[in-house]
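Inspection log for the structure reproduced underneath, given as structure tokens.
Just so you know, all these numbers are worked out from the coordinates, no wet-lab data involved. Keep in mind the model is a prediction, meaning the values are calculated, not measured. Virtual Cβ from ideal backbone geometry, glycine too; neighbours counted across all protein chains shown.
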Amino acid sequence: MAKPNKKGPTRTVDIYCGQCKTQLFKYRKGGKGALVKCFKERISVDYTTKVGHCPQCEQQFARDTLVRGAPALKIIGNKAVMK
């Protein structure tokens, strides 16, 4: 299966916690669909301390996984929102 594009898209979006609205990271997102997964190589600025957990309310918003052979964060439900 094909790997995601290394350079990635240029459009950046801000990802926030769904519960407390704390900013989690800035992400270079491709396409116009919903936020399902975040490839780690596309995260430009990371504000989290523990992988997949909100730094303020400690809620888990994503799971660490491999997607198409690349490390990624799989978003759980609506626990992370994109603006």
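Values for this structure:
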{"item": "Over the chain, relative contact order from alpha-carbon pairs under 8 Å, at least 6 apart, %", "result": "33"}
{"item": "Listed candidates [x] 15.9, 49; [y] 12.0, 37; [z] 25.9, 92 - label of the one calculated as Rg and Dmax of the Cα atoms in Å", "result": "[y]"}
{"item": "Pairwise label distance in nanometres, Arg11 with Ser44, each label 7 Å out on the Cα-Cβ vector", "result": "1.3"}
{"item": "Extension gain (nm, one decimal) between Lys74 and Lys26, 0.36 nm per residue minus Cα-Cα", "result": "15.7 nm"}
{"item": "Three-way shape call for region 39-83 based on the alpha-carbon gyration tensor, with the a/c threshold at 1.5", "result": "prolate"}
{"item": "Under 5 Å, built H, 5+ apart or other chain: amide partners of Phe25", "result": "Ile15, Tyr47"}
